[in-house]
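Contents: one structure, followed by commentary.
The values are calculated or read from the model by the stated rules, or taken from the named source; none is laboratory data. Computed from a predicted model, the values in this text were never measured in an experiment. We place every Cβ from the backbone using ideal geometry, glycine too, and count neighbours over all the protein chains shown. Just the protein is used for accessible areas: all its heavy atoms, side chains included, with ligands, DNA and RNA removed. Shrake-Rupley method; radii C 1.70, N 1.55, O 1.52, S 1.80 Å.
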Amino acid sequence: MFDRAILHLDLDAFFASVECLKNSALQNKPLLIGGSSDRGVVSSCSYAARKFGVRAAMPMKMALRLCPDAIVLKGDMDEYTRQSQLITDIIKEEAPLFEKASIDEFYIDLTGMDRYFGSWQWSMAFKQKLIKESGLPLSIALSINKLVSKVGVGVKKPNAEAVIASGTEKDFMAPLSVRCIPSVGKETQKKLSFMGIRTVHTLAQVPLPLLHREFGKQGQTLWRSANAIDDSPVVPYSEKKSISTERTFQLDTIDVRWLKDKLSALVTQLAFELRQSHRLTSCLTIKIRYTDFNTYTKQSRVSYTAHDKTLIRRAHELFDQLYQRRQLVRLIGVKFSGLVSGHYQVDLFEDTINEINLMQAMDKIRNRFGKNAVGQATTLPLIKKKGE
């Protein structure tokens, strides 16, 4: 019996699986989803392609060198979002408490179910129900916390069915590479390797003060993860959460280019907040208040994202649709709603390696010097208008 029972549910190669659902002829074929240009990036790939060493976020050019016979698809984010919502609706009907961690990952809190039915028995039955109703393959793992369940899925997928019994978490994780820990990226793995730390077991033996000295606050996260400690709760799924910001001008203006630059800056600020809080938005709203105080809003659904470029582009489209009166504007505002927990993924099929690296580098600068320390050229403060 689990004192705490957390199920992690992960849709296998989600984008590629949806493409196979749309076209059965693609089954078992090496598929690359992403940008097809020379500077394009692999957003997702099928397991048949992964056998050749292809991975997400890899330059498409490199992926095609590794797997020259792969089929390249631009992808359909609207369809992926629709399929994700279908899975979400099914989970919402059946699960006692769940969190949508990203477009293709979920956590379900089954604590207490062992008294009545059995957490693992319910999990296996629910997996089959999801596969039958959605047609999509998926993996599951059950343990006492979110961390171990996520790792359990990661090392066993595709079609994972892993249960890590209470009390065996550290033994389960000990022989694994440190790269299996969700918070360990390439740079952290490289630094740990230089320190002679390659397995979770070795990492768990490192004194906490040493990790704190070398990694700062992340050191404690690494130590806790290596020791299979994770008290984070399953955050109830809700589409009502939102964040917003607005700007009132000292002088009303009709300068459209200037207004769009200010709008871009507001979007960039909120998108950074999303990434810092590990959330994604699915709805964008902009607000315009004219000099006569009449206020208008317009909103649009977007595929789950926290990416500046996509959100700025959609905000500008909404502005063009909304700004019809050609009157002086005194205020503009932006709101992101339909938020879910989740890390930004390379799911924007026009992304390039340079754009991804640029966004990550800018976020590092903001973390160190403040959220307004850096911005793209169109979002940096312009020469101030007289009186502003």
Per residue, how large is the accessible surface of the range 1-62? Use a 1.4 angstrom probe and give square angstrom. 44
Per DSSP, the loop-located trypsin sites (Lys or Arg not before Pro) within the range 120-199 having at most 16 other beta carbons within 10 Å are 198
For the range 43-93, what does the equivalent ellipsoid look like in terms of its semi-axes, each the square root of 5 times an eigenvalue of the Cα gyration tensor, given largest first in whole Å? 29, 11, 8
Under a 1.4 Å probe, what is the accessible area of the range 117-190 per residue, stated in Å²? 45
Filter 51/156; 260/298; 92/129; 127/156; 241/335; 51/127 down to the pairs with a C-alpha to C-alpha distance above 19 Å, please. 51/127
Hey, got a sec? Which chymotrypsin sites (Phe, Trp or Tyr not before Pro) in the range 82-189 land in a DSSP loop and have at most 12 other Cβ atoms within 10 Å? 116, 117
Would you calculate the separation in nanometres between label points at residue 294 and residue 244, each defined as 7 Å from the Cα along the Cα-to-beta-carbon direction? 2.0
Once Lys and Arg get +1 and Asp and Glu get -1 on their Cβ, which of 107, 128, 268 lies farthest toward the positive end of the dipole of the chain? 268
Above 18 angstrom, tally the Cα pairs of the range 204-316 and express them as a % of all pairs, no decimals. 64
Starting from 0 in steps of 20 Å, tell me what percent of the Cα-Cα pairs of the chain lands in each bin. 24, 54, 20, 1
Counting only protein heavy atoms and using a 1.4 Å probe, what share of the accessible area of the chain belongs to carbon plus sulfur, as a whole percent? 52
The range 93-196, Cα convex hull volume normalised per residue, Å³: 114
Convex hull volume of the Cα atoms in the range 99-152, per residue, in Å³? 85
With a 10 Å radius around each residue's Cβ, average the other Cβ atoms per peptide and rank 276-289, 67-80, highest first. 276-289, 67-80
Report the label-to-label distance for residue 208 and residue 316 in nanometres (one decimal), using points 7 Å from each Cα along the Cα→Cβ vector. 4.9
Isotropic mean projected area of the C-alpha convex hull, the range 249-304 (nm²): 4.7
Averaging over every viewing direction, what projected area does the convex hull of the Cα atoms of the range 1-65 cover, in nm²? 6.3
